[in-house]
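My questions will all concern the structure given below.
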Amino acid sequence: MTSSFSRSRRDFLRNAACSSFALSTGSALMTQFGMIDAALAQSCTGYSPVNDYKALVCLFLFGGNDSWNMLIPTDGARYNTYNAARSGGPPSGMAITADTLVPINVLGGAAGETYGLHPNLAELAPIFNAGNAAFVVNVGTALQPINKTQYSTPGYPTPPQLFSHADQQAQWQYGQPQQNGVTGWGGLVADRLHVLNPGMTVPMSMSLSGQNRFQAGNAIQPYTLGPSGPVGLNGYGSAANMSALTDMLAQTYADPFSRTYAATVKNSISYYNTMQAALAAAPALTTPFPANNPVAASLQQIAKIISMRGVLGAKRQIFFVGYGSFDSHDTQLIQQPKLFATISQALAAFNACTINDLKIPQSVTTFTLSEFARTLNSNGDGTDHAWAGVQFVMGGAVKGQRLYGAPAASGSMFPNQTLNGPDCLSRGQMLPGVSCDQYSATLASWLGVSNCDIATIFPYVKNFSNTNLGFLS
């Protein structure tokens, strides 16, 4: 072992001991979920082999996206209501000027209803108008259907810690808007569907934004890459260091936690080598992706991985990209256009890539999540934490050019934006017309999850009229 190699067998075991503590405390928290997963496996039938390919790509907009400025009613009466609720236009109001909105052609709406997109989401309009995208409106965390009267009734069930970033992020990712677990619905989906990838040489779930709740399963954990590709182990760049590490990993350890730690490191090295080799052999993508765009860089890397799905043995995959800075209490009208431009240009490039390079647009569904929307009214320079909002879904399997959801208390799918009106609270905090679990369950069902498993992964979805919102074919 060279003098520059600082990790001895003793250090390795010490690291394993530290890891053992995390594993032991985590296992205590995960016991109930392991029992649920075992019960699920016993009560739900297994999955037959598949020959097709499907991937979900999650884009989580961290901070609480003001999605009521993404999709805006443009017919006179409803735009006037929107403008008034948003405290008017600039400089202190949050309304987007009507003549700057990008019109979209929404099918199936009520007579006279029209809509436009924020001007910095212009790249999404042609995708929507081509039938390859849809909006799910007024969706948020909810345990059961809720209206203003019920919300004001003491004891009526509501998700805990509404308007809290950490809690609402966790509930959207968890698939249960009541408690904080250690798994996410994407991870539980992977636990069930990874059997459809019998020859896959890397994990089914991959994150381009580090560890996350959404992809954490009982059996399947996400493999983390960077926007530029796989990331190797720190401190083992030299051949001598890697050789010494390999020798240590090959030894026998009596402690089960040390064995687990060693297996984890070995898997990490194996996944890194596999991904490096696969991506090195990937054909060049011809679709241009915007430069200096972190979302585009991550989606481009996902496209490269999908292009090598045959080599990797992938039939089902789940990807995660996180993008932050949507907590727009201040300078919203300055920051929001930049954020929207970033995601719009990135999503448009990725959509084009699935069509022109990958040639499987019907097999890749991209969707947004965000913990909550913002208050409709302005705080003078921005907006504050609210509740239900709008989500965007894109791909060839989307039954596009439509809005999806459920009638709000006002009777319309797109809610009435009158402050303290039938559908929202005094500052424009929208009460959800549909649950985030209905939205997520629709995506999981498309990937191939059975109704039986849907009921276990999303235990509160049974409280709503349907578990599938119907926006995917």
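Got the relative contact order for the stretch 190-234 handy, in percent, Cα pairs under 8 Å and 6 or more residues apart?
37
If one computes the Cα centroid of the stretch 423-473 and of the stretch 92-159, what distance in Å separates the two points?
Cα centroid to Cα centroid, the span is 16 Å.
Still on this structure: Hey, what's the chain come to in accessible area per residue, 1.4 Å probe, Å²?
39
Additional query: For the chain, with all protein chains present and a 1.4 Å probe, just round the carbon and sulfur fraction of the accessible area to a whole percent.
54
At a threshold of 8 angstrom on Cα-Cα distance, excluding pairs fewer than six apart, so keeping six or more, what relative contact order does the chain reach in percent?
28
State the answer as a single residue: which of GLY155, GLY411, PRO49 lies farthest towards the positive end of the charge dipole of the chain, with beta carbon charges of +1 for Lys and Arg and -1 for Asp and Glu, about the Cα centre.
PRO49
Mean Kyte-Doolittle of at least -1.0 and a Cα length of 30 Å or more along the axis: which whole DSSP H helices of the chain meet both?
Helix filter hits for the chain: 9-43, 256-280, 332-356.
Considering lysine pairs in the chain that are 8 or more places apart or on different chains, how many have Cα atoms under 21 Å apart?
So the count works out to 8.
Hey, could you grab the Kirkwood Rh for the chain? Inverse mean 1/r over distinct alpha carbon pairs, Å, one decimal.
Over the chain, the inverse of the mean reciprocal pair distance is 23.5 Å.
Please name which of GLY109, ALA280, ILE343 has its Cα lying farthest along the dipole of the chain towards the positive end, using unit charges on Cβ (Lys, Arg +1; Asp, Glu -1) and the Cα centre as origin.
Projecting each Cα onto the dipole axis, the largest value belongs to ALA280.
Now for a separate question. If amide hydrogens are placed 1.01 Å from N in the peptide plane, which non-local residues have theirs closer than 5 Å to the one on TYR115?
HN-HN under 5 Å from TYR115: THR74, ILE104, VAL106.
Ok, one more. List the residues whose amide H sits under 5 Å from the amide H of PHE60, counting only those 5 or more places along or on another chain, with H placed 1.01 Å from N in the peptide plane.
It is VAL321, GLY322, TYR323, LEU369, by chain and number.
Here's something else I'd like to know. Can you pull the Rg over Rh of the stretch 299-431, Cα-only, Kirkwood?
Ratio of gyration radius to Kirkwood radius: 1.05.
The values are calculated or read from the model by the stated rules, or taken from the named source; none is laboratory data. Owing to the predicted nature of the structure, the values given are computational and were not obtained by experimental measurement. Cβ coordinates were reconstructed from backbone atoms using ideal geometry, including for glycine residues, and neighbour counts include every protein chain displayed. Side chains are part of the model used for accessible areas, which takes the heavy atoms of the whole protein and leaves out ligands, DNA and RNA. Shrake-Rupley method; radii C 1.70, N 1.55, O 1.52, S 1.80 Å.
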